[in-house]
1. When region 48-87 is examined, which residues are found to be free of Cβ contacts under 8 Å to residues at least 12 places away in the same chain, β-branched (Val, Ile, Thr) and either under 30 Å from HIS35 (Cβ atoms) or in contact with an Asp or Glu (Cβ under 7 Å, 6 or more places away or on another chain) (or both)?
2. Is there a residue being among the hydroxyl-bearing types (Ser, Thr, Tyr) and either under 24 Å from VAL56 (Cα atoms) or open to solvent by less than 40 Å² (accessible area, probe 1.4 Å) (or both) anywhere in region 79-90?
3. Is at least one residue of region 63-72 open to solvent by less than 90 Å² (accessible area, probe 1.4 Å), of a type in the set (Val, Ile, Thr) and either assigned to a loop (DSSP other than H, G, I, E, B) or modelled with pLDDT of 95 or more (or both)?
4. Give me a count of the residues in region 12-40 that are of a type in the set (S, T, N, Q), more than 11 Å from ILE110 (Cβ to Cβ) and either open to solvent by 60 Å² or more (accessible area, probe 1.4 Å) or without any contact (Cβ under 8 Å) to a residue 24 or more places away in the chain (or both).
5. Testing LYS102 on (1) surrounded by fewer than 12 Cβ atoms within 10 Å (Cβ to Cβ); (2) among the charged types (D, E, K, R); (3) at pLDDT below 95, one condition comes back false. Which one is that?
Amino acid sequence: MATDAPPPSKEQHTLPSTEEFTAVQESAEFGELRHSYRSFAFPLTVGFIAWYLLYVLLSNFAGDFMGTKLFGNINVAFILGIAQFLTTFLIAWWYSRHAAAKLDPKAEAIKSRMEGDA
């Protein structure tokens, strides 16, 4: 089974120079892209880490609380553990929507211009 790369296209693409990369990195458009990413990702990351550490700390130091039965054999620890998974998927879904709406169009515009297609 061959896993060779496809043959190169007939079009010749020249790579942008170091100066062009630097100019784009210093541009207002790239700054907006970076700000859009950071203003979403950093607070969400800090929030999720805090939520995770709360769960771990409660598990270690509040065993009686975490062992409180809510219904049947379901206790607080189980519910909070499942909530960890749910928030992980929720954050991934939310980031995907944010990236598709705000980050990808800006990144594509920059990429197109850098590749000379714009």
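The values are calculated or read from the model by the stated rules, or taken from the named source; none is laboratory data. This is a predicted model, so every value here is computed, not measured. For neighbour counting, all protein chains shown are included, and Cβ atoms are generated from backbone atoms with ideal geometry for every residue, glycine included. Side chains are part of the model used for accessible areas, which takes the heavy atoms of the whole protein and leaves out ligands, DNA and RNA. Shrake-Rupley method; radii C 1.70, N 1.55, O 1.52, S 1.80 Å.
1. The one that is free of Cβ contacts under 8 Å to residues at least 12 places away in the same chain, β-branched (Val, Ile, Thr) and either under 30 Å from HIS35 (Cβ atoms) or in contact with an Asp or Glu (Cβ under 7 Å, 6 or more places away or on another chain) (or both): ILE49.
2. yes
3. So far as region 63-72 goes, yes, one or more of its residues are open to solvent by less than 90 Å² (accessible area, probe 1.4 Å), of a type in the set (Val, Ile, Thr) and either assigned to a loop (DSSP other than H, G, I, E, B) or modelled with pLDDT of 95 or more (or both).
4. The qualifying residues number 6.
5. Of (1) surrounded by fewer than 12 Cβ atoms within 10 Å (Cβ to Cβ); (2) among the charged types (D, E, K, R); (3) at pLDDT below 95, only one is false for LYS102: (1).
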